[in-house]
Amino acid sequence: MLDAAEEPLTDLEAQPYEAVFLRAVKLYNSGDFRSSTEDMERALAEYLATFARCLAGCEGAHEQVDFKDFYPAIAESQAVGDIFAESLQCKVDCEANLTPNVGGYFVEKFVATMYHYLQFAYYKREPPAVFLRAVKLYNSGDFRSSTEDMERALAEYLATFARCLAGCEGAHEQVDFKDFYPAIAVNDVRQAARSAASYMLFDPEDSVMQQNLVYYRFHRARWGLEEEDFQPREEAMLYHNQTAELRELLEFSHMYLQSDDEMELEETEPPLEPEDHPSDAEFEGEGDYEEGIYADWWQELDAKGDEAEAEPEPELA
């Protein structure tokens with residue numbers, strides 16, 4: 001049994017795309033751009049599938065904590081608004097909750113980061129070595145050896161293409177996720193340009209990526225690029241529009257749909273019945289208000305004589 005210091009730690013909370021992303025980054029740093037693009041595309045597809053499952057998990061039954069029944073119709077509408085806002089908050093949090101943690105640091109703008117790697121890796125990647133060797137043999141006149149290597153390169157490509165088709169099957173169907181492993185090409189500038197445009201969706205103020213797009217447009221005739229090659233990839237547009245719309249809906253729900261705690265009615269005791277005030281008839285006749293209330297007991301106490309006892313007048317001498 002390994003000691004605690006030697007036993008490798010396993011992150012049980014890590015998502016499946018995190019390991020693939022790290023491997024793609026290592027391949028990128030080592031200069032193996034072809035393998036890096038393949039792993040990065042796989043990491044991107046797995047992330048989008050996980051993101052879709054997270055959104056689906058935000059739908060479902062919700063426990064109503066405080067169902068106010070003072071006005072049932074109003075209470076029901078407030079409850080629906082609260083549930084809708086809660087579901088939106090859950091969906092908006094998916095992006096942050098799925099952000100990978102690499103060595104204690106979160107990879108901010110994870111989707112944009114993957115497109116950033118793809119942009120440069122596609123630009124730098126070279127065709128398979130066996131294909132290059134076949135081309136060199138062909139140019140040198142060694143057609144027999146060239147055909148053998150070209151057949152091998154073709155077989156490897158078809159095998160990779162078959163794995164690509166198999167990778168398209170799963171719990172989540174990615175909308176038009178084409179060119180999973182693009183066709184063999186020297187410096188795949190077309191995919192690089194589209195990856196750069198996809199990155200700009202998430203960080204349009206990035207000056208470096210702006211310069212890269214200018215560079216691709218300047219050489220568009222050289223590489224045979226069309227205007228559609230400078231458009232973001234479709235899955236990038238879908239993800240960007242979806243997350244932006246969720247944030248807008250969440251802000252709207254906070255402003256107009258959720259019940260306002262400050263306006264909630266608190267349960268209070270029913271108001272006391274107003275006391276019957278004496279009628280004006282009781283105040284008719286002689287005497288003022290004070291006499292009308294206290295006359296009875298004043299008179300009772302003064303039964304010995306209503307007139308105040310006065311000192312006897314001195315007799316006249």
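The values are calculated or read from the model by the stated rules, or taken from the named source; none is laboratory data. Keep in mind it's a predicted model, so treat the numbers as computed, not measured. Every residue, glycine as well, gets a Cβ built from its backbone with ideal geometry; the counts of neighbours run over all protein chains shown.
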Scan region 102-123 and tell me whether some residue there is assigned by TED's automatic domain parsing to the domain that holds Thr37, more than 24 Å from Leu238 (Cβ to Cβ) and β-branched (Val, Ile, Thr). yes
Which pairs do you get when a residue that is free of Cβ contacts under 8 Å to residues at least 60 places away in the same chain and over 19 Å from Thr99 (Cα atoms), found in region 20-33, comes within reach of a residue that is part of a helix (DSSP H, G or I) and among the small types (Gly, Ala, Ser), reach meaning Cβ atoms under 7 angstrom, with the pair 6+ apart or on two chains? Leu27/Ser35; Leu27/Ser36
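Residues checked against (1) aromatic (Phe, Trp, Tyr); (2) modelled with pLDDT of 50 or more:
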{"residue": "Met1", "(1), (2)": "no, no"}
{"residue": "Leu9", "(1), (2)": "no, yes"}
{"residue": "Ala24", "(1), (2)": "no, yes"}
{"residue": "Phe33", "(1), (2)": "yes, yes"}
{"residue": "Asp39", "(1), (2)": "no, yes"}
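If we scan region 266-288, do we find a residue that is outside any helix (DSSP H, G or I), under 25 Å from the mean Cα position of the chain (by Cα) and at pLDDT 55 or above?
Taking region 266-288 as the starting set, the residues that turn out to be outside any helix (DSSP H, G or I) are 266-279, 284-288.
Cutting the leftovers down to under 25 Å from the mean Cα position of the chain (by Cα) gives us none.
No, that holds for no residue.
Could you say which residue among Gly167, Gly104 is within 21 Å of Glu18 (Cα to Cα), loosely packed, with under 14 Cβ neighbours inside 10 Å and at pLDDT below 80?
Values: Gly167 fails: loosely packed, with under 14 Cβ neighbours inside 10 Å.
Of the residues listed, the single one that is within 21 Å of Glu18 (Cα to Cα), loosely packed, with under 14 Cβ neighbours inside 10 Å and at pLDDT below 80 is Gly104.
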Residues within region 199-231 that are more than 31 Å from the chain's Cα centre (by Cα) and farther than 19 Å from Ala121 by Cα, tallied: 6
